[in-house]
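The values are calculated or read from the model by the stated rules, or taken from the named source; none is laboratory data. Note that the structure is predicted; figures quoted are calculated from it, not measured. Cβ placement follows ideal geometry from the backbone for every residue including glycine, while neighbour counts extend to all protein chains displayed.
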Amino acid sequence: MRTVDVPLRGDIVISWSFLATRMEETVSGRNPVRILSILLAVALLGACGNGDRTVGSPDAGLLKGPYMGQPSPGMTPIKFLGDDLDHNFCSVFSPEGDEFYFTHYDPESGACSIEVMTMKSDIWGPPEVAPFSSDFIDNDIGMSADGDRVVFRSNRPLPGSDSGEKRDGLYLWTSVRSDSGWSDPEVVSIDGRTDIPGGYPALTDEGFIYFTANEPGESGPKDIYRSRIGEADFEMLEKLGDAANSPYGEGDLFVAHDGSFLIVSCYDHPENIGGDSLDLWVSFRTGDNSWTVPVNPGPPINTEFGENCPMVSPDGRFLFFNRYTGEEDRDENGTYWVDARILDRYRPKEN
């Protein structure tokens, strides 16, 4: 594994997942003005590209204990690790809480990789590029409840590609952990297809992978899909019902390991606090396995800025998410966390 110390404070802030989602949903003519603004943001901030990998982190050895020794938040979101995660996003903790995986964007090289910090003897080490990450774009990682499988998306070439060139678009890949470490990643095949560009995968105990994607073969707003995880091929591509999927667009996704609720970033929704900015929405699964109509939690989770990259810690205690203002030097940019019990406010009342 490669490790390079790069100072975080003062670096520019960007959420590739946010920019990529906005671009994917506007290039078809949905909002020409926003296309120009996104292109300007990309030009100013850079976008995840293929380049030399670098790693940025808080000072190694200074972080100790569960959740890196940070004071637990209450019902008001606060920054996790202050400004040190401003250009890291799409994060997950391992079930034991001793690994922290995240997507790192390096503004100097334009590289975008998945990295991991590991706690040993109560001390967190510096981040390293994850074994399954590549020299191409890698982001949007999801992990199984037992910590032995990850699914992420990448534009790396398909195995056996003659050209070795990156693919157009980002597609799902998976790696499985054994006693010898992480396996070489394999492209996710769903019903024999490897051309379904999925984003922000989430794995459940029931053996499903949830992700957001366009209708196969079409462009436009993304919806939430799921597929059953098989031995060699994922099966039964299924779109969630209309209750969970809005007429607008679903982006970054979290689904609880027990499948009881989901959190998704919605864009272009008229009830978003920030207008067309991303807001987080919450939906719960009912006794008949249907989904409730998503609810916008509003403040203090959602603001006039963009909220995305939701993740609830494996112990169920904390909700993590990213906030992005669209401006590189705003203090509000970064990774936030809040007591996950805040979600109970939006849970349907039992009859």
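Points worth noting:
- Scanning the stretch 315-345 for residues that are assigned to a loop (DSSP other than H, G, I, E, B) and either surrounded by 17 or more Cβ atoms within 10 Å (Cβ to Cβ) or among the acidic types (Asp, Glu) (or both) turns up Asp315, Thr325, Gly326, Glu327, Glu328, Asp329, Asp331, Glu332, Asn333.
- One residue stands out among those in the stretch 141-155 that are farther than 17 Å from Pro314 by Cα and either small (Gly, Ala, Ser) or in contact with a Pro (Cβ under 8 Å, 6 or more places away or on another chain) (or both): the one that is surrounded by the fewest Cβ atoms within 10 Å (Cβ to Cβ), which is Ser154.
- Members of the stretch 170-184 that are surrounded by 14 or more Cβ atoms within 10 Å (Cβ to Cβ) and either part of a strand (DSSP E or B) or not hydroxyl-bearing (Ser, Thr, Tyr) (or both): Leu170, Tyr171, Leu172, Trp173, Thr174, Ser175, Val176, Arg177, Trp182
- Figure legend. Inter-residue proximity from the stretch 191-202: first residues within 15 Å of Met236 (Cα to Cα), second residues of a type outside the set (D, E, K, R) and part of a loop (DSSP other than H, G, I, E, B), beta-carbon distance below 6 Å, spacing 6+ or different chains. Indicated pairs: Ile196/Pro216.
- Residues that are within 17 Å of Asn333 (Cα to Cα), over 20 Å from the mean Cα position of the chain (by Cα) and of a type in the set (D, E, K, R), drawn from the stretch 265-312: Glu304
- The one condition from (1) under 24 Å from Ser313 (Cα atoms); (2) in a loop (DSSP other than H, G, I, E, B); (3) of a type outside the set (Ser, Thr, Tyr) that Leu158 does not meet is (1).
- Boolean, Tyr336 is in contact with a Lys or Arg (Cβ under 7 Å, 6 or more places away or on another chain) and closer than 21 Å to Thr103 by Cβ: yes
- When the stretch 82-127 is filtered for residues that are among the aliphatic types (A, V, I, L, M) and under 16 Å from Gln70 (Cβ atoms), the ones remaining, listed by number, are Leu85, Met117, Met119, Ile123.
- Failed item, numbered, when Asp86 is tested on (1) out of contact with any strand residue (DSSP E or B) (no Cβ under 6 Å at 6 or more places or on another chain); (2) modelled with pLDDT under 90; (3) among the charged types (D, E, K, R): (1)
- The stretch 314-343, subset acidic (Asp, Glu) and at pLDDT below 95, residue farthest from Ile263 (Cα to Cα): Asp329
- Top-ranked residue in the stretch 102-138 [being of a type in the set (Phe, Trp, Tyr) and surrounded by 22 or more Cβ atoms within 10 Å (Cβ to Cβ); ranked as farthest from Arg323 (Cα to Cα)]: Phe132
- Glu231 being surrounded by fewer than 21 Cβ atoms within 10 Å (Cβ to Cβ), without any contact (Cβ under 8 Å) to a residue 40 or more places away in the chain and not aliphatic (A, V, I, L, M): yes
- Residue check for Ser246: assigned to a loop (DSSP other than H, G, I, E, B), out of contact with any Pro (no Cβ under 6 Å at 6 or more places or on another chain) and crowded, with 23+ Cβ neighbours inside 10 Å: no
- Qualifying positions in the stretch 167-188 - in contact with a Leu (Cβ under 9 Å, 6 or more places away or on another chain) and closer than 23 Å to His257 by Cα: Tyr171, Val187, Val188
- Of all residues in the stretch 302-314, those satisfying the criterion of being surrounded by 16 or more Cβ atoms within 10 Å (Cβ to Cβ) and either among the basic types (Lys, Arg) or over 26 Å from Glu99 (Cβ atoms) (or both) are Asn302, Thr303, Phe305, Gly306.
- Hits in the stretch 252-274 (condition: surrounded by fewer than 23 Cβ atoms within 10 Å (Cβ to Cβ), in contact with a Ser or Thr (Cβ under 8 Å, 6 or more places away or on another chain) and part of a loop (DSSP other than H, G, I, E, B)): Ala256, His257, Asp258, Gly259, His269, Ile273, Gly274
- Positions within the stretch 275-306 being under 21 Å from Lys239 (Cα atoms) and either charged (D, E, K, R) or outside any strand (DSSP E or B) (or both), in sequence order: Arg285, Thr286, Gly287, Asp288, Asn289, Ser290, Thr292, Val293, Pro294
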